[in-house]
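*Asks:* Got a structure for you, written out below as structure tokens; questions coming shortly.
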Amino acid sequence: MSIKKVLHYGTPSLREPSKEVHKVSRKITDLVQDLFDTMYAQNGVGLAAPQIGVNLRVFVIDASTKEEPLDPMVFINPKIIKKSGAIKSNEGCLSFPEAYTDVVRYKDIMVKATNEHGKPFVMEVKGGNLLARAIQHENDHLDGILFIDHCLNRFEAEEVLKKYNLPSIDPDKLIDEEEMKSQL
Ligand code: ZN
């Protein structure tokens, strides 16, 4: 398939909730391939369909390191069905070129989704590793939520956005996570 343009922060559709996939058709498997092609081309860990302008509930992740073989994972209509604990995570996003900031994420999650063959699966990821954090980050994209909405230090995040000429934080979008933050 092909490498697509990744939409940058400030594009209104990144804030829109995405629609459920009703059937894993050719259109969806083509979309999955475009997501992988685009993600690998940009050395990303994950990419969600709305980031390439398709507001459907699909994302892909490859959390393998350089020394390991590729480990492509597909999540269609994902739902995080269990979450607990809290961990600090320094995150970036292909829609925010070069901008990184600390956010809070759940440590342990259980996610239910459908794969590229239309098969449902449940995955449990513990310990706040890259995969656990990436699933939460990509899943948020499907609801129009962006990583800066979880920022630990608003002032610091604001500075980073300014440095890379990205729009400032939308205070209405900030998520109240005081309870999680108190667990860090
Ligand atoms: Zn992202």
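The values are calculated or read from the model by the stated rules, or taken from the named source; none is laboratory data. This one's a predicted model, so the numbers in the text were calculated from it and none came from an experiment. Neighbour counts are summed over all protein chains in view; Cβ atoms, including those assigned to glycine, are modelled from backbone coordinates with ideal geometry. For the accessible areas, the whole protein counts, side chains as well, though only heavy atoms, and no ligand, DNA or RNA atoms are used. Shrake-Rupley method; radii C 1.70, N 1.55, O 1.52, S 1.80 Å.
*Asks:* Report the per residue volume, in Å³, of the convex hull enclosing the C-alpha atoms of region 1-153.
*Replies:* Numbers: hull volume 16.6 nm³, N = 153.
Measuring per residue, one finds 108 Å³ for the Cα hull of region 1-153.
*Asks:* With axes computed from alpha carbons, what is the tilt in degrees of helix 154-163 against the longest principal axis of the chain, rounded to the nearest 10 within 0 to 90?
*Replies:* 70 degrees
*Asks:* Quick one: angle between helix 26-41 and the longest Cα principal axis of the chain, in degrees between 0 and 90, rounded to 10, please.
*Replies:* Tilt relative to the chain: about 50 degrees.
*Asks:* Once the Cα atoms of helix 130-141 and of the chain are each reduced to a long axis, what angle between those two axes, in degrees from 0 to 90 to the nearest 10, is obtained?
*Replies:* 90 degrees
*Asks:* Beyond 18 Å, what percent of the Cα pairs of region 119-184 remain?
*Replies:* Beyond 18 Å sits 51 percent of the P(r) for region 119-184.
*Asks:* Over the chain, what percent of the accessible surface lies on carbon and sulfur atoms, probe 1.4 Å? Can you show the working numbers first?
*Replies:* On the way: 4900 of 9720 Å².
With neighbouring chains kept in place, the figure for the chain is 50 percent.
*Asks:* At what distance in nm do the modelled label points of Asn165 and Leu184 sit from each other, each positioned 7 Å from its Cα along Cα→Cβ?
*Replies:* 3.0 nm
*Asks:* Treating each Cα of region 16-59 as an identical point scatterer and ignoring solvent, apply the Debye formula and state log10 I(q)/I(0) at q = 0.25, 0.29, 0.30, 0.32 Å⁻¹.
*Replies:* After summing over all Cα pairs, the log10 values are -0.87, -1.07, -1.11, -1.19.
*Asks:* Under a 1.4 Å probe, what is the accessible area of the chain per residue, stated in Å²? Don't skip to the end; give the middle numbers.
*Replies:* Details: 9720 Å² over 184 residues.
Here the residues of the chain average 53 Å² of exposed surface.
*Asks:* From the P(r) of region 62-107, could you give the percentage of C-alpha pairs in the tail past 15 Å? Don't skip to the answer; put the middle values down first.
*Replies:* On the way: 704 of 1035 pairs.
Distances greater than 15 Å cover 68 percent of the Cα pairs.
*Asks:* So, one more: Given H placed 1.01 Å from N in the peptide plane, which residues other than close sequence neighbours of Lys107 have an amide H under 5 Å from its amide H?
*Replies:* The answer is Ser84, Gly85, Ala86, Ile87.
*Asks:* Between Asp176 and Ser2, what is the FRET efficiency for a Förster distance of 41 Å, r being their Cβ-Cβ separation, to the nearest 0.05? List each step's numbers first, then the result.
*Replies:* Working: r = 40 Å, r/R0 = 0.98.
Once rounded, the FRET efficiency stands at 0.55.
*Asks:* Net charge near Gly127, counting Lys/Arg +1 and Asp/Glu -1 over other residues with Cβ under 13 Å of its Cβ? Don't skip to the end; give the middle numbers.
*Replies:* Working: positive: Arg105, Lys107, Lys126, Arg133; negative: Asp108, Glu124.
Computed value for this residue: +2.
*Asks:* Between Met110 and Glu124, how many nm apart are label points set 7 Å from Cα along the C-beta direction?
*Replies:* Reported label-point gap for Met110 and Glu124 is 0.7 nm.
*Asks:* If the only charges are +1 at each Lys and Arg Cβ and -1 at each Asp and Glu Cβ, what is the size of the charge dipole of the chain around the Cα centre, to the nearest 20 debye? Spell out each step's value before the answer.
*Replies:* Numbers: 24 positive and 28 negative charges, 109 e Å.
Computed charge dipole of the chain: roughly 520 debye.
*Asks:* In the chain, which longest range has no trypsin sites (Lys or Arg not before Pro) that are both DSSP loop (not H, G, I, E or B) and surrounded by at most 14 other Cβ atoms within 10 Å? Don't skip to the answer; put the middle values down first.
*Replies:* On the way: sites that count: Lys5, Lys23, Lys66, Lys126.
After excluding every exposed loop site, the longest remaining stretch is 67-125.
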